[in-house]
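> Submitted below is the structure of interest, expressed as structure tokens.
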Amino acid sequence: NFAATDLLNQLAATGADLLVRCKSGRNLPAVARCRDGSTLARLGALTVRVIDAEITIRTAAGTRTGRYRLLTTLTHATAHPAADLIRLYHERWEIETAYAEPKSTILDGRVLRSRTPDGIEQEVWALLTAYQVLRTAMTDATDSIPGTDPDRAGFTTALAAARDQLILAAGVITGTDIDLIGTIGRHVLAHLLPARRVRTKDRIVKRAISKYNARGPAIDRTTYKATISVNMISSP
């Protein structure tokens, strides 16, 4: 229910731009139409752009087509083409990787050490600060080579380089020249990941018996490579 009217209005009030999915059968009377087939609608005090599309995913296992309805506060159809927003939405699960990195990569599965609320809050802020610093270093590195997708920067590579810097106490005295790439960035650029593959994952209802068997023993995990075609659905 990320498309709940009250929630979207609260989030938009912070100044953030939103791109969320809503139920395809939701009644959203159009107040205006855009040239690309999307429409404008009102949700409370908020004006949103409604984008209807059919997304077809083709993998080695076959073809699957689904209808999607997206809502966005980016109402300018020329500046923000619908097809670009649809492709962007497909990358939404990338955030799951970001969530896993502080917990599984930086902490390596360890729990926080503090046993008081204040101590836990301090540790969480320190963890998020370290994560953000590493992400900034990774972005600075990929930005130094035009056309390099930031997704190709390896987080574990950046983390290992940062740990080496701390252990060796290298660069503790800042020089007069500012190097945005730095040692961490050079390690990242030397070990860029391959271009990201399109990822697909069916929704599966988990059973309480086993979270591993619930995913099914017959799932073919070798057919990740896929192509996507997007068709805009024009409203009559």
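> Quick one: order His76, His90 from most to least accessible surface, probe 1.4 Å.
His76, His90
> Modelled label-to-label distance, Asp17 and Ala32, 7 Å Cα→beta-carbon offset: nm?
Output for this residue pair reads 1.6 nm.
> Round to a whole number: what % of the accessible area of region 106-196 belongs to carbon and sulfur, probe 1.4 Å?
Roughly 60 percent, rounded to a whole number.
> Around His187, under 12 Å between beta carbons, what's the net of Lys plus Arg minus Asp minus Glu among the other residues?
Neighbour charge sum, excluding His187 itself: +1.
> Given an 8 Å cut-off on Cα distances and at least 6 residues of separation, report the relative contact order of region 1-138 as a percent.
Normalised by residue count, the contact order of region 1-138 is 18 percent.
> Determine, from the Cβ-Cβ distance of Ala83 and Thr105 and an R0 of 30 Å, the FRET efficiency 1/(1 + (r/R0)^6), rounded to the nearest 0.05.
Using R0 = 30 Å, I get an efficiency of 0.35.
> In addition: Distance from the Cα centre of region 6-28 to that of region 59-93, in angstrom?
15
> For the residue pair Ser24 and Ser114, what label-to-label distance in nm results when each label sits 7 Å from Cα along the Cα-to-beta-carbon direction?
Roughly 4.6 nm, to one decimal.
> Ignoring ligands, DNA and RNA, what accessible area per residue does region 106-196 give at 1.4 Å, in Å²?
71
The values are calculated or read from the model by the stated rules, or taken from the named source; none is laboratory data. Being a predicted model, the structure only gives us computed values, none of them experimental. So basically every Cβ, Gly included, is an ideal-geometry build from the backbone, and we count neighbours across all protein chains shown. Accessible surface is based on the protein model in full, side chains and every heavy atom, while ligands, DNA and RNA are left aside. Shrake-Rupley method; radii C 1.70, N 1.55, O 1.52, S 1.80 Å.
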